[in-house]
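*Asks:* This structure is in structure tokens; I'll ask about it shortly.
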Amino acid sequence: MSKLPKVAVVILNWNGRFFLEKFLPSVYNSSYPNIEFVIGDNASDDDSILFVKQYYPTITILENEKNYGFAGGYNKILERVDADYYVLLNSDVEVSQNWIEPVIAYLERNPGIAAAQPKILSFHNKEKFEHAGAAGGYLDYFGFPFCRGRILHEVEEDYEQYNQESEIFWASGAALFIREKAWKEANGLDEDFFAHMEEIDLCWRLKKMGYGIGYCPTSVVYHVGGGTLNASNPKKTYLNFRNNLVMLQKNLPLGKAIWIIFLRLWFDLAALMKFLIDRKPKDAWAISRAHQYFFLNIFKNARKRKKYTAIENQTGQYNNSIIIDFYTNNKHKFSQLNPKDFK
């Protein structure tokens, strides 16, 4: 029997004692044999690392000297981890015992797939998908991300309607399986993103290198969500709007990037006005700040644009507007979208 690939499950921690205490037991009891567990710590000032050392002495602990966010934190930790596959796993995720085997088997069968995610359900309501990933991520014509099982804020119940292995556009950073080789080829995450959409940017860059991104429904995990920044946090609003514009500038062809970003500014203006109407001035200001950052750093981010020799894998792109479909055409479920509109 050939040796199983080595898998490193890497949890990035920042003051996460509560989540580690609650969810680390399920991760630690994973049945996959050739595995290393790593806690990458982003300069926590709680007792989370002391907790891990006391109760899980065999887990590898790697510490950063300051909080580099999700993107920078993982980049610096994974420089020190050697494995065939990395699993970037949020600390607020509960896993089943055999959650690793199906995804590794899927990746081993499909060498052109660089990264994959399991089915992600809600920890608090295990009959429903979870917002951050659900049954795989997609991207609409204007760069708005959505998922099978979650469009905008509407989350579906899981009755196995999305139980087919498939290629998607992006895999969730809540439970991201990625080949070490592909991670290094792509130079990891964009550290300027800090947090939010960095995994979509990574997957898009991998697709521009010719790789595919996959979804494996026979692996299931349960995600709390909002563990670092909850949905109503203006900082999350700022990062989402800022990073989405930067991602479009980096990854779209130049002519299309100019056109799409011009249109996106009008979408964003509508969102800003909606926040004002809903009496959320801090979120409205966050969108304004995101635009200021984007234009002040437009030349810096232009230098991040790269020419790729491979033909881009466009699977998972949606050629319509998910915003218009949702609010005008009353399409709130992935199954209501026309399959012919997908690449």
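Read-outs throughout are calculated quantities, based only on the coordinates presented, and are distinct from any laboratory measurement. The shown structure was predicted, so the numbers you read here are calculated from the model rather than taken from an experiment. Neighbour counts are summed over all protein chains in view; Cβ atoms, including those assigned to glycine, are modelled from backbone coordinates with ideal geometry.
*Asks:* For the pair TRP285/HIS153, report the inter-label distance in nm, with labels modelled 7 Å from Cα in the Cβ direction.
*Replies:* Roughly 2.2 nm, to one decimal.
*Asks:* Name the most mobile residue of PHE275, PHE193, PHE123, meaning the one with the largest mean-square fluctuation, in a Gaussian network model of the chain with Cα contacts below 10 Å.
*Replies:* PHE275
*Asks:* Right, another one. What does the convex hull of the Cα atoms come to per residue for segment 134-274, in Å³?
*Replies:* Convex hull of Cα atoms, per residue: 126 Å³.
*Asks:* Identify all aspartates and glutamates with a Cα-Cα distance to LYS236 below 20 Å; exclude those on the same chain that are fewer than 8 residues away in sequence.
*Replies:* The qualifying aspartates and glutamates are ASP92, GLU130, GLU154, ASP190, GLU191, ASP192, GLU198, GLU199, ASP201, ASP268, ASP278, ASP283.
*Asks:* Out of LEU245, LEU272, LEU202, any idea which swings most in a Gaussian network model of the chain, alpha carbons joined below 10 Å?
*Replies:* LEU272
*Asks:* Sticking with this one: If the only charges are +1 at each Lys and Arg Cβ and -1 at each Asp and Glu Cβ, what is the size of the charge dipole of segment 234-312 around the Cα centre, to the nearest 20 debye?
*Replies:* The dipole of segment 234-312 has a size of about 340 debye.
*Asks:* Continuing with the same structure: With the chain treated as a Gaussian network of Cα nodes joined by springs under 10 Å, which of GLU191, GLU65, GLU156 yields the largest mean-square fluctuation?
*Replies:* So, out of GLU191, GLU65, GLU156, the one fluctuating most is GLU65.
*Asks:* Then there is this: Based solely on its DSSP helices, what 222 nm [θ] is calculated for the chain when runs of n ≥ 4 H residues each add -39,500 (n - 2.57) and the sum is averaged over all residues, nearest 500 deg cm²/dmol?
*Replies:* Taking each H run of at least 4 residues, the total per residue is -11500 deg cm²/dmol.
*Asks:* Tell me, rounded to the nearest percent, the portion of alpha carbon pairs in segment 133-199 spaced more than 16 Å apart.
*Replies:* Tail fraction, whole percent: 56.
*Asks:* So how do PHE169, PHE299 line up by other beta-carbon neighbours within 10 Å, fewest first?
*Replies:* So the ranking, lowest neighbour count to highest, is PHE299, PHE169.
*Asks:* Give a quick list of GluC sites (Glu not before Pro) in segment 116-155 that DSSP marks as loop, anything other than H, G, I, E or B, with at most 10 other Cβ atoms within 10 Å.
*Replies:* GLU127
*Asks:* Moving on. Provide, for q = 0.20, 0.23 Å⁻¹, the log10 of I(q)/I(0) from a solvent-free Debye sum over equal Cα point scatterers in segment 234-312.
*Replies:* Evaluating at q = 0.20, 0.23 Å⁻¹ gives log10 I(q)/I(0) of -0.85, -1.04.
*Asks:* How high is the FRET efficiency from GLN161 to GLU65, r the C-beta distance, R0 45 Å, rounded to 0.05?
*Replies:* Result of the calculation: an efficiency of 0.45.
*Asks:* Next up: Okay, which of segment 5-33 sit inside 17 Å, backbone N to the point 7 Å along the Cα-Cβ direction of ASP82?
*Replies:* It comes to 5-9, nothing else.
*Asks:* Starting with the fewest neighbours, write out HIS153, HIS291 ranked by other beta-carbon atoms found within 10 Å of each beta-carbon.
*Replies:* HIS153, HIS291
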